[in-house]
1. Restricting attention to the range 95-111, and to residues there that are under 21 Å from the mean Cα position of the chain (by Cα) and under 13 Å from Gly146 (Cα atoms), which single residue is surrounded by the fewest Cβ atoms within 10 Å (Cβ to Cβ)?
2. Residue check, Arg327 against (1) surrounded by 24 or more Cβ atoms within 10 Å (Cβ to Cβ); (2) more than 13 Å from ligand 1 (Cβ to nearest atom); (3) of a type in the set (D, E, K, R), all met but one. Which one?
3. Please count how many residues of the range 89-127 are in contact (Cβ under 8 Å) with a residue 24 or more places away in the chain and either in contact with a Gly (Cβ under 8 Å, 6 or more places away or on another chain) or of a type outside the set (A, V, I, L, M) (or both).
4. Looking at the range 202-251 only, could you name the residues that are closer than 20 Å to Gln307 by Cβ and in contact with a Phe, Trp or Tyr (Cβ under 8 Å, 6 or more places away or on another chain)?
5. May I ask you to list pairs of residues, at least six apart or on different chains, whose Cβ atoms are under 9 Å apart, with the first in the range 37-52 being on the phi > 0 side of the Ramachandran plot and the second being part of a loop (DSSP other than H, G, I, E, B) and hydrophobic (A, V, I, L, M, F, W, C)?
6. Report yes if Asn356 is under 25 Å from Leu311 (Cα atoms), modelled with pLDDT of 95 or more and in contact with a Lys or Arg (Cβ under 6 Å, 6 or more places away or on another chain), otherwise no.
7. Limited to the range 184-209, what total is found for residues that are surrounded by 23 or more Cβ atoms within 10 Å (Cβ to Cβ), within 18 Å of Asp273 (Cβ to Cβ) and not hydrophobic (A, V, I, L, M, F, W, C)?
Amino acid sequence: MSILLKNGTVVNSDRKFKADVYIKGGLIEEVGTDIVVEQNCTIVDCTGKFIVPGAIDPHVHLEMPFMGTFSKDGYESGSKMALVGGSTFYIDFIVPKKNGSLIEAYKEWSGRALGTSYCDFSFHCCVTEWNEKRHEEMETIVNEFGINSFKFFLAYKGALMVEDELLVKAFKRCKELGALCQVHAEHGDLVVAGQNEMIKKGIKGPEGHPQSRPDFFEGEATNRALQIARHVNVPLYVVHVSCKLAADSIERAQKEGQVCFGEALAGHLAKDDSGYYNEDFDTAAGFVMSPPFRPKFNQKALWSHLQNGVLSTTGTDHCTFTKKDKRMGINDFRKIPNGCGGMEDRPSVIWELGVNTGRISLSDFVSVTSTNSAKIFNLYPQKGVIAKGSDADIVIWDPEVKRTISHETHHSNIDFNVFEGMKINACPIMTISQGKIVVRTKVVDGVAVWDKPELNLEKTGRFVKRKPFGPIYDRIKKLDENLYPKKIEREN
Ligand code: URP
Ligand code: ZN
Ligand code: ZN
Ligand code: ZN
């Protein structure tokens, strides 16, 4: 099967230009003009449309066992949401069981995803305990399974949280293996103290959640992880940076020359903390995630750090629970499963609040939704660019088509959407994954019929291996040579 995308504007992270795109055998065969195509090639007229690399979601939790239940979007609904919304790739997190092995966890996660996902994907691997076995297993995870990023939680005490001693050891191991370290940065002990204080004061509803874990808990943990990574001299990626304090820490570290990156979530960029104070429990609980949505000035700070490159990527932390699930914490906010959606709406939210406000250019949109993730996680140029030889994971956007986000029209398994009612003035109208047209959005009078796209999905999503010692390691060796302590030989 071959496809020619004709008369559109190709947008890559470095430039946008008029060109046709010829797709054949799952790859981009040619980008240019007057391309000679084979007979029976499907021609798609893209006049007035933008042809962009499919978005990459670097942070999702599909069907994850968590807080007494499991997240309700799995690999089927999750990958469908991604494709409908303009993403063609996601990276999910493997979480080992307590005292369990990373290898077993990898097998379990692969077993669920392969043959279920409609689009390509990869995994990060979480490390929640430390021993000799972990140390050994990490090598298999990297060199055999093709996973080059490990995640550490500094929050969720008693469950996933790790102590600084583990961080130091595990960061060193990551460095030996050429892997990227990732952290969920909130001070876990302070969170527990803050939560108990809320309960003592009689604040048991969802409004206790943000008040028990303020921004400086995140600022502290972000800075701590950065300093440990600086000591080890290993690349660090801070997931879901939600506040100015944390972003400023990353900015400072970058200015001092450290190899570090920050990720912003569409949710944290779009929403403030007002939802937690809604009188309806289900609505307020729907926003419970960690780190929480923050007071207004933080969204402005996140956008400015995304604009100036301190934050490199956008993700979703897609981890969804139904109203019924969230009611597990009806009398105690500490028991509300933490997590919100976004996998379907992130590209639209970034386009609306970023491109349509003039905060970022179309090329910046491609950088922060796709290319930067591809580079940091070592998927580039297989993913993240429209160029000859790259995977044909492509989305066609129409800037004239509108839609309104709603849980009534989304493709998630849950009955809540944090972006409910948001008006979007641009729409992904066609998604191409693995070189096939898999989604066509119907449009009536300039409005997307979002809940009824024409779908041609197959469960052929491939696990994509990612090699260690990617471009993020380029500076590490030289920094080591310059950082290491010097010894002076003296005669007496
Ligand atoms: O509340 C959240 N973010 N749930 C998912 C797990 C995590 O912290 O990333
Ligand atoms: Zn997290
Ligand atoms: Zn700053
Ligand atoms: Zn997460």
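The values are calculated or read from the model by the stated rules, or taken from the named source; none is laboratory data. Computed from a predicted structure; not experimentally measured. A quick note on method: Cβ atoms are made from the backbone with ideal geometry, for glycine too, and the neighbour counts reach across all protein chains shown.
1. The initial filter retains those residues of the range 95-111 that are under 21 Å from the mean Cα position of the chain (by Cα), namely 95-96, 105-106, 109-110.
Those still in the list that are under 13 Å from Gly146 (Cα atoms) too: 106, 110.
Values: Tyr106: 20, Ser110: 14.
Selected residue: Ser110.
2. (1)
3. Within the range 89-127, the first condition is being in contact (Cβ under 8 Å) with a residue 24 or more places away in the chain, and the residues that meet it are 89-96, 98-99, 101-103, 106, 110, 112-127.
Keeping just the survivors that are either in contact with a Gly (Cβ under 8 Å, 6 or more places away or on another chain) or of a type outside the set (A, V, I, L, M) (or both) gives 89-90, 92-93, 96, 98-99, 101, 106, 110, 112-126.
Of the residues in that region, 25 qualify.
4. Tyr237, Val238, Ser242, Lys244, Leu245, Ile250, listed by residue number.
5. Asn40/Met1
6. Numbers: under 25 Å from Leu311 (Cα atoms): yes; modelled with pLDDT of 95 or more: yes; in contact with a Lys or Arg (Cβ under 6 Å, 6 or more places away or on another chain): no.
No.
7. The qualifying residues number 4.
Yes/no per residue for (1) in contact with a helix residue (DSSP H, G or I) (Cβ under 6 Å, 6 or more places away or on another chain); (2) assigned to a loop (DSSP other than H, G, I, E, B); (3) hydrophobic (A, V, I, L, M, F, W, C):
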site: Glu76; (1), (2), (3): no, no, no
site: Ala82; (1), (2), (3): no, no, yes
site: Phe89; (1), (2), (3): no, no, yes
site: Pro96; (1), (2), (3): yes, yes, no
site: Thr116; (1), (2), (3): yes, yes, no
site: Ser122; (1), (2), (3): no, no, no
site: Trp130; (1), (2), (3): yes, yes, yes
site: Ile141; (1), (2), (3): yes, no, yes
site: Ala159; (1), (2), (3): no, yes, yes
